[in-house]
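One structure is given below, encoded as structure tokens.
The values are calculated or read from the model by the stated rules, or taken from the named source; none is laboratory data. All values derive from a computational prediction rather than experimental measurement. We place every Cβ from the backbone using ideal geometry, glycine too, and count neighbours over all the protein chains shown. Just so you know, the surface numbers come from the protein's heavy atoms only, side chains and all, with ligands and any DNA or RNA stripped out. Shrake-Rupley method; radii C 1.70, N 1.55, O 1.52, S 1.80 Å.
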Amino acid sequence: MQRSLRLFLSAILLTLIFTSNIYASTAGNTGMTGLWEYPTAEIPDDGSGRFGYTKDSPYNYYFLDMSWLPWLEVNARFTTFDTVKTGILGEGYTGRKYMDKAIDLKAVLWHNRASSKRWYLPSIAFGIYDVTGTELMKAHYGVATWRWDKVALTLGYGSDRLNGLFGGIEYDVTNWLAVKAEYGKLDYTRDIAGGINILQESPKKKYNVGVVLKTPFGLEGSFSWQRGNEFAMTISQKINLRGPYLGKRKINYETPGDPRPANWDDIDSNELISRIKTGLEKFTRVRDVDITLLELDHGHKLILAYENYGYASHAEAMTRVLVVLSAVMPETEE
């Protein structure tokens with residue numbers, strides 16, 4: 001068994017040595033961006049997420065983590081416990097592992113990138129674990145993370161299960177390997193299901209350490225030593241929430257309406273406005289388009305307003321609108 005494990009890990013290392021991509025934010029045990037048990041003030045990039053599984057006996061986490069907005073992270077998870085069976089909860093249960101459903105939220109109030117001139121300021125976030133349901137692992141927290149290129153330092157304070165001050169460090173050793181360590185006084189005695197303490201052996205240590213292995217196609221695996229007596233493992237896959245999932249969307253590059261006019265004298269203003277609206281309706285996911293076209297002494301001025309309903313970021317929506325405009329607007333002012 002040990003030899004097979006060594007061979008497996010060696011194969012992973014040899015494969016990952018040749019990868020060439022860095023992901024600054026990595027998953028904690030529950031799937032939410034963080035260290036191991038504790039959160040950081042970082043979240044995945046806007047319009048991205050991850051799904052995966054963590055084995056940290058007696059805890060088993062199945063998670064789907066998403067960042068739909070530049071400031072919000074949502075983590076949905078199922079958690080089962082090796083030490084608690086449903087059969088003890090009453091007649092009619094089959095004796096399978098107890099399963100807890102939970103949603104975790106994190107809101108970033110201030111995000112400071114490593115390249116910022118205000119490098120000394122941290123990113124700041126507030127969050128809640130276990131928002132609804134049994135609230136078995138509930139906690140509120142505030143956290144700050146300072147990132148300088150490959151190094152990130154985190155300091156935070158949490159209520160309930162998080163039990164006070166916590167902190168940690170993450171260091172990107174190479175583009176395929178990161179090291180994480182944390183320290184805190186997490187209160188495992190609050191983890192009770194069916195009247196049974198989930199963690200039945202008191203933690204020997206208050207710190208957790210481990211490594212994260214990364215691939216260029218978004219697959220990540222982490223291996224850690226937790227509570228001083230448990231080897232834990234996480235495997236997750238990054239996903240893009242912006243794109244289609246059931247086949248690629250066909251892109252039509254033809255110009256909306258008639259061929260692009262050579263100059264402004266070749267097209268009526270109302271016809272141009274109509275063509276722009278038709279193009280935006282056909283080639284983009286924006287709505288409530290309002291266009292004002294002004295004729296000035298030195299040329300023309302186009303004022304365009306719209307609502308973005310189909311893209312993860314306003315920048316992407318604006319880019320698609322500009323592509324349509326470049327295909328419709330007259331080529332010159334002559």
**Asked** Is it the case that Val151 is crowded, with 21+ Cβ neighbours inside 10 Å, under 19 Å from Glu42 (Cα atoms) and in contact (Cβ under 8 Å) with a residue 12 or more places away in the chain?
**Response** no
**Request:** Could you list all residues from the stretch 218-274 that are open to solvent by 50 Å² or more (accessible area, probe 1.4 Å), part of a strand (DSSP E or B) and modelled with pLDDT under 85?
**Result:** Asn240
**Message:** Filter the stretch 83-123 down to the residues that are modelled with pLDDT of 85 or more and among the charged types (D, E, K, R) and list them by number.
**Reply:** Asp100, Lys101, Asp104, Lys106
**Message:** Whether any residue in the stretch 178-198 is touching a residue at least 40 places away in the same chain (Cβ under 8 Å), farther than 18 Å from Gly34 by Cβ, in contact with a strand residue (DSSP E or B) (Cβ under 6 Å, 6 or more places away or on another chain) and not in a loop (DSSP other than H, G, I, E, B) is what I want to check.
**Reply:** yes
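Residue-wise test of (1) closer than 29 Å to Trp146 by Cβ; (2) at pLDDT 95 or above; (3) assigned to a loop (DSSP other than H, G, I, E, B).
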| residue | (1), (2), (3) |
| --- | --- |
| Ser4 | no, no, no |
| Leu7 | no, no, no |
| Ile12 | no, no, no |
| Thr15 | no, no, no |
| Asn21 | yes, no, yes |
| Glu42 | yes, no, yes |
| Asp45 | yes, no, yes |
| Ser67 | yes, no, no |
**Message:** Looking at Lys282 and the list (1) touching a residue at least 12 places away in the same chain (Cβ under 8 Å); (2) surrounded by 13 or more Cβ atoms within 10 Å (Cβ to Cβ), which single condition is not satisfied?
**Reply:** (2)
**Request:** Please find, within the stretch 160-211, the residue that is surrounded by the most Cβ atoms within 10 Å (Cβ to Cβ) out of those that are among the polar types (S, T, N, Q) and over 23 Å from Thr80 (Cα atoms).
**Result:** Asn175
**Item:** Scope the stretch 289-319; condition in a helix (DSSP H, G or I), of a type outside the set (Gly, Ala, Ser) and open to solvent by less than 70 Å² (accessible area, probe 1.4 Å); matching residues
**Value:** Glu316
**Request:** State which residue is most open to solvent (accessible area, probe 1.4 Å) when the search covers only the stretch 97-146 and only residues that are assigned to a strand (DSSP E or B) and among the hydroxyl-bearing types (Ser, Thr, Tyr).
**Result:** Tyr98
